[in-house]
1. Stick to the Cα atoms of the stretch B:2-280, pair each with every other, and give me the Kirkwood hydrodynamic radius in Å at one decimal.
2. Share of antiparallel DSSP beta bridges in the protein assembly as shown, in percent to the nearest 5?
3. Could you state the angle between the C-alpha long axis of helix A:148-159 and the longest principal axis of the C-alpha atoms of chain A, as a value from 0 to 90 degrees rounded to the nearest 10?
4. Sequence-distant or interchain residues sharing an amide H contact under 5 Å with A:I118, placed H: which?
5. With chain A treated as a Gaussian network of Cα nodes joined by springs under 10 Å, which of A:T211, A:T119, A:T264 yields the largest mean-square fluctuation?
6. If R0 is 51 Å, what FRET efficiency do you get for A:K224 and B:Y59 from their C-beta distance, rounded to 0.05?
7. Just to confirm the number: angle between the C-alpha axis of helix A:100-112 and the first principal axis of chain A, 0 to 90 degrees, nearest 10?
8. Could you list A:Y309, A:Y135, B:Y116, A:Y140 in order of exposure, starting from the residue whose Cβ has the fewest other Cβ atoms within 10 Å?
Amino acid sequence: MSLRYLLPALALAVGVPAIADAADPIRIGVIAENSAISGIAIPNAAMLAADEINAHGGVDGRMIEIVAYDDHNSAADAVRAFQRAANQDKVHAVIATYTSEVALALQPWAGRLKIPTITPGAASDEISKRIHGDYEHLKYNFHGYLTSGFLAQSVCDAAKDLLTGSKLKMKTAVIMSEDAAWTGPLDAGYMTCLPKAGLTVLDHIRMSPDTTDFTPIFNGIESKKPDVIVTGISHVGVQPTVQWANQQVPIPMFGISSQATSSTFWKDTNGATEGVVLQVAAVDTVASTPTTMSFAAAYTKKYGITPAYSGYTAYDDVFIIADAVRRAGGTDPDKMVSALEATDYVGTVGRVQFFGKDDPFTHALKYGTDFVSGLVVQWQDGKVVAVWPPAVATGTLRFPGFVKVAN
Amino acid sequence: MLGLQILIDGFAVSALYGLGAIGFTLLFGVSGVLNLAHGGILLVSAVVAWLLADQIGAYGGAAAGLLAGIAMAFATYLLVVRPIQRSRAIPHEEKEIFVLTGTLLWGIMIQEAVAYFTTTSPHTVRPLIAGVSVIAGVRTPINEILTAVLCWAAIGLMWLLINRTRAGKALLAASINPRGLTLLGFELQRIYLLVWAIYGVLAGTAGVLLGAFLGVSSENAGTLTASAFSIVVLGGLGSVGGSLLAAYLVGYLETITAYLISPSLRTIPALLLLVIVVYLRPQGLLGRR
């Protein structure tokens, strides 16, 4: 080998930082469950955001590179992916998972390996409580989705306007949630805020996510004669919805139903979701912010379905990370954390700010009409129609014939 | 009222369990194969029926699901089971364990393929007849009644085929004494093909009906195999009557538990019963050996 070839090779081998750095891309690891609707939306949306940022010249000339990993919704797989992302693929930040159990398992690793990490879809209050409890170690974690407690609040706020304060004059409810980390604080929130909204809680059912036959559950609920079923479901969705419709359970379902946030849910349930009311962070038909509808349209064009709820937040998270890198002047993890803490960014779901070190929900999304408050939609004739808050509502509640409500 | 509800729901669920399990037990009785890809085959039938119902209607979709069940049964036999049975490299006494492992892996491949193409979300087949009917005060989906009727129709047809036709009697003979059958001039290969065809029809029907009644997701494949397997072990490996009896025992135990104790403890009493039966009567309730 002649010297002419040897020199560049040597330079490559030892690395020439001065040249490499200018073009060194900002690598964001994305860890999610690829075979779930709420999971695959995360890398899909992140790639869309990266393409847009790169098309506009990247961040200070550095391109965004998404490195995606499938965690099969397993905490062990997610931790391995995280280690690989940090040690081998040298990512500068991570966007991970819609499952609280997985997000909680990743928290210590984000601290140990000093990788700023945002979860776009997990909800458990534990995520931000732990950051608050051990700030020095866990400050690299950010909770990019509403905590379960705020989700419950959002549902109760809507219930007050739509169910008890309206002509429906509802008075009683049964809570039906799946047994998972995120529903613990959700149910606690429901138990406190539903009575305040005017709904007496008659029963509280936590079901196994493995349940396939919901007949006994609906039967038990019906015997309590509530006016509404308030739901907390995410890992289950299709089966309770279809069986609710097939068995013509005469009580409306209202609350959180994460799988129902994507357009595929209509086909997955053969239209049984007609009349189901659910809380969402954003939806393709409502301009919550100037970018909500354009993102949803671009996503639908590229992937053929509307984004699941986690898609909106994952898309925002890439911009939030890019913005933090720009303000931090690079990818130093501690500087990025400080920059992320100062985030004030209007994304697709609203105005994003994170709670600070001294708030009980450290690094969680701020909830409220000035920040992110979510909206409530109802499936009507194959589409989701916004019914709350009044400012964005494009329709009113309308239930299928078998549902008995006062009119 | 609650008693009647349990009676009706338990009947439909048990009929479905029975249909899912008798194909499994027949296959073992006649050809000695424990098909651990069973859940995967049910899953494919249901998913095909769900996918195609939009284009060709609920009945077309159901028929396509049934055909998919038959196709998957033959694929399992021709691609996985027969090559192992014919292999000269595998010692004869190890073939059973190879078939077990082969069908187990094949089942996992099917499950992962379905998850890849249609996500892990559950899918529900559009019911052939929508709506509900009130039986003595119990609101019952017509689809649930139809499920029970179709299950028993399929089981009845299988019984007629086995007991009233020449080919069926050969099947029965093969389950008792395959060597004797070959001495009489029957070709075992053709009998195996026939039993896999019957198995495909039963599994395809069970898959489509299960998809319409409760819905299936790729993550259920293992559970479906396990549930058929435990019903068959409970009833006695290879015994069709035992499997039906066990299906009704399990179905009603589960339904009673779900209604009277808690839906989340649904499967536990049936599993305890299985442990007790295996301990006290290892050949199963109506097993022969």
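No lab work stands behind these numbers, since they all come straight from the coordinates. Note that the structure is predicted; figures quoted are calculated from it, not measured. No Cβ is skipped: glycine too gets one built from the backbone with ideal geometry, and neighbour counts run over all protein chains shown.
1. Working: mean 1/r = 0.0521 Å⁻¹.
Evaluated on the stretch B:2-280, it is 19.2 Å.
2. Details: 18 of 55 bridges.
About 35 percent, rounded to the nearest 5.
3. 40
4. Here A:V94, A:I95, A:A96, A:F142 satisfy the definition.
5. Evaluated over chain A, the most mobile residue of the options is A:T211.
6. On the way: r = 38 Å, r/R0 = 0.75.
Once rounded, the FRET efficiency stands at 0.85.
7. Taking the Cα atoms of chain A, the angle to A:100-112 is about 30 degrees.
8. Values: A:Y309 30, A:Y135 15, B:Y116 12, A:Y140 25.
Least to most surrounded, the residues fall as B:Y116, A:Y135, A:Y140, A:Y309.
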